[in-house]
Every structure is written in C-alpha cells, then in structure tokens.
Amino acid sequence: MLKPLAFWDSSALIPLCVTQPQSAESRLLYEGYGIVAWWATQVEMMSGLARLDRTGQITRDRFLMAKQIALEIVRDWLPVGSTESIALSACSLLELHPLRAADALQLAAALEWCEGEPRGNVFLTFDKRLREAAGLTGFTLE
C-alpha cells in the first residue's frame, strides 16, 4: 500500500539520518508518510550533517553513515524543483511571516507541490517558525 505524501523540511529529515531528540518522532512520521521535498533540501541536510561532524557532535564514521542514509532518502523522495513561481511565492511569504530565506523557499515549494491548496496536505518540520507559518498558511501539521 502506498503511503500518503507529506512535505518534509530538512529539520524533520536529519533525525532520520543521525540520532537526535526528534529521531523517534521522525521515524514514526516516515512510517506513515512518503517524502516530498524541495530540491535544495538535500543541500540543507548535508549542511546540518557536516555541522554536526565539524562540531564533534557525531564521529566521522557516524557522519559517513548519516550521509549514506541521506542519499538513500533523496533517491526515494518526490522533489519539487526550482521555479520562478516558487521564488515569487517565497518573497511574498517573507512579507507575511518571520522566516529565513531558505524556510520561505521551503514553504513556497510546499505550496507549489499542492498547487496552492494547502488544506488537507501535511507539512512536516521541527523548526518552530516554519511550523507556525505552515500552519497559518493552511497546511496540516503533525
């Protein structure tokens, strides 16, 4: 049986790759939802994993294993590409919500995925500001 799709941000995906406080919750979400993600989420995931490695929060071996898991996740997800409409939508979202640029692009990509109809579509993130903005935009939050 196919899992329903949800839009995932990197904060919900990184805990699938390396043990973090949200890992158990991420694994449960992964059991229930397929992954739709912005094309640049792969870069965000690698940035987060590399930062954990650089700061000594994970070993080099753990980083290499996490990197492999991330690549497997990326191979299986449905990507949302880069479009002019996503950039324009992100600019508008920045006027409405206190988001960082990449978070606005994440939310804009999610809106592109659901063709501007967020109601009934799930947005998964552990980032507080992005979660609040996604909820206010009309996404279902888990």
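Quick note: the coordinates plus some simple rules give every number you see, no bench work behind them. Computed from a predicted structure; not experimentally measured. In this analysis, Cβ positions are derived from the backbone assuming ideal geometry, glycine residues included, and neighbour counts consider all displayed protein chains.
Values as computed for the structure displayed
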item	result
Out of Ser26, Ser47, sole residue that is crowded, with 17+ Cβ neighbours inside 10 Å and among the hydroxyl-bearing types (Ser, Thr, Tyr)	Ser26
One residue from Ser82, Ser26 being part of a loop (DSSP other than H, G, I, E, B) and under 17 Å from the mean Cα position of the chain (by Cα)	Ser82
Candidates Glu117, Glu112 - the one that is of a type in the set (D, E, K, R) and not in a helix (DSSP H, G or I)	Glu117
Answer from Leu136, Leu107 - the residue that is in a helix (DSSP H, G or I), touching a Leu at 6+ places or on another chain (Cβ under 6 Å) and in contact (Cβ under 8 Å) with a residue 12 or more places away in the chain	Leu107
Single condition Leu93 does not satisfy, out of (1) touching a residue at least 40 places away in the same chain (Cβ under 8 Å); (2) over 14 Å from the mean Cα position of the chain (by Cα); (3) closer than 27 Å to Ser23 by Cβ	(3)
Hits in the stretch 93-128 - residues which are within 18 Å of Leu29 (Cα to Cα) and either exposed (fewer than 13 other Cβ atoms within 10 Å of the Cβ) or not β-branched (Val, Ile, Thr) (or both)	Ala110, Gly120, Asn121, Phe123, Leu124, Phe126, Asp127, Lys128
From the options Arg62, Arg131, Arg75, residue that is in a helix (DSSP H, G or I), free of Cβ contacts under 8 Å to residues at least 60 places away in the same chain and surrounded by fewer than 13 Cβ atoms within 10 Å (Cβ to Cβ)	Arg75
Unique match (being in contact with a strand residue (DSSP E or B) (Cβ under 8 Å, 6 or more places away or on another chain) and either within 14 Å of Ala134 (Cα to Cα) or assigned to a loop (DSSP other than H, G, I, E, B) (or both)) among Ala6, Ala102	Ala6
